[in-house]
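Worksheet: one structure, shown below.
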Amino acid sequence: MVDVILGLQWGDEGKGKIADYLTPKYDVVARFQGGPNAGHSLDFEGKKFVLNTIPSGIFRKETINLIGNGVVIDPVRLREEIERIVNECPDYKERLFISQKAHLILPTHRILDAASEAAKGDAKIGSTLRGIGPTYKDKIGRSGLRVGDILDADFKEKYQTTVADHLKLIEFYGFTDFNLAEEETKFYSAIEFLKTHKIINSEYFIHDCISQGKKILAEGAQGSLLDIEFGTYPFVTSSNTLAGGVCTGLGVAPKHVGKVFGIFKAYCTRVGSGPFPTELNDETGEYLRVKGHEFGATTGRKRRTGWIDLVALKYTCMLNGVDELIMMKSDVLNGMDQIAACTAYTINGERSEQVPSNMCNDQIEPNLEWFPGWSEDLSHTQGFEAMDQRFRNYVHFVENYLGTKIRVISLGPERESTLVKD
């Protein structure tokens, strides 16, 4: 059976910590979509690591980790990521498997990303400039290169053909701020490094694990509101971030998908452009940003902040079929006088509890419900029922609105700062 862990907002919900926390219950952790624009932060034993492509189970010594076919891989960044963790995980090669069908991010994909964003001017979507979008575009256009291609004798010829097409587009944009020769030197060196790893036919691997009764945790990247189909289009990522993406991103049938864990913050954040109905462009928003350390783990960019949006959260719970909720960063709200939650939208003068099909075109005003804040100390050593009543009221309200139980509450970045509620 394949359980799923994914974010329910615009990403940055804290999936890395929870995947690491849940990993002891699983034999395999598998990433099913996204690329190195993801930044999954893990804090333990006084150390902090940021994973971009490698699954969050890598630090658990008994866990197999798979980078699935739905992921796009930048060999240069993957090598850098491995170099950051190798001292902590000297045996990582025995436990890290890479799908032959995962697509490669080429140097020209990243250049195309920068060229396209520069051409958009004020209409830019807020790309991380990691080459994710152009790589998925080539994948859909049937002109991409996959990890398995690096093992072929004619890989360099395939590479040059693809790059020639990219250079024509880059010339069309009039973009010249790059040094391709320098980037290609690093790329080819990283390709040779990648060849020393376990490159496998991953769909057979996953099915062998299922048939052997192994427990698998599928780990998503970004967040549900960035899904290419159901997110705040066009301000979205280029992959399917919902639970449905597990089937295509790993090659498993729907009948093998088990429990879905949905992760959300006790407030909202967003990186880059796009609609954000509950955004706070004031002192409260800055307070959340600073106290919550809301800066991209991968890019370092400031995250936009706002109150929790329960309308959008109920929408993503519905789309993912969430079985259990995990609430992150509750501690960031500690000590605030009052806290708000969006329970409906006013859209063009009419009240609605539905996310509109195009959030960019509609005039959306959040309808906020206010709650008294709680004390600074949220000690969970005596369990949920011993915590501040005002905090428990907030948690119960969120549960009742969403119709789904919150099973885990995170009160800090460390493994130990985690409360299992029921």
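Overview of values
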quantity: Single match in Phe384, Phe397 (criterion: more than 30 Å from Lys47 (Cα to Cα) and not polar (S, T, N, Q)); calculated: Phe397
quantity: Pick from region 1-23, criterion crowded, with 24+ Cβ neighbours inside 10 Å and among the acidic types (Asp, Glu), ranking: farthest from Thr53 (Cα to Cα); calculated: Glu13
quantity: Residue satisfying all of: in region 227-281; in the same structural domain as Ile347 (by TED's automatic domain parsing), in contact (Cβ under 8 Å) with a residue 60 or more places away in the chain and among the polar types (S, T, N, Q); nearest to Ile67 (Cα to Cα) among these; calculated: Thr269
quantity: Leading residue by the ranking (surrounded by the most Cβ atoms within 10 Å (Cβ to Cβ)) among those in region 151-209 that are more than 30 Å from Met1 (Cα to Cα) and of a type in the set (Gly, Ala, Ser); calculated: Ala190
quantity: Region 309-358, residues that are crowded, with 21+ Cβ neighbours inside 10 Å and assigned to a loop (DSSP other than H, G, I, E, B); calculated: Val322, Lys329, Val355
quantity: Single condition Ser41 does not satisfy, out of (1) farther than 16 Å from Gln222 by Cβ; (2) of a type in the set (Ser, Thr, Tyr); (3) under 18 Å from the mean Cα position of the chain (by Cα); calculated: (1)
quantity: Residue check, Asn65 buried (at least 24 other Cβ atoms within 10 Å of the Cβ) and either assigned to a strand (DSSP E or B) or not aromatic (Phe, Trp, Tyr) (or both); calculated: yes
quantity: Condition check for Asn65: among the polar types (S, T, N, Q), modelled with pLDDT of 95 or more and in contact with a Pro (Cβ under 7 Å, 6 or more places away or on another chain); calculated: yes
quantity: Selection count, region 359-369, where residues are of a type in the set (Asp, Glu), closer than 23 Å to Asp227 by Cα and in a strand (DSSP E or B); calculated: 1
quantity: Given (1) surrounded by fewer than 20 Cβ atoms within 10 Å (Cβ to Cβ); (2) in contact with a strand residue (DSSP E or B) (Cβ under 8 Å, 6 or more places away or on another chain); (3) among the small types (Gly, Ala, Ser), number of the condition Gly300 does not satisfy; calculated: (2)
quantity: Where Ala221 falls short, out of the listed (1) assigned to a loop (DSSP other than H, G, I, E, B); (2) surrounded by 22 or more Cβ atoms within 10 Å (Cβ to Cβ); (3) at pLDDT 95 or above; calculated: (3)
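The values are calculated or read from the model by the stated rules, or taken from the named source; none is laboratory data. This structure is a prediction, so every number in the text was calculated from the model and none was measured. Here the Cβ is made from the backbone with ideal geometry for all residues, glycine too, and neighbour counts use every protein chain on show.
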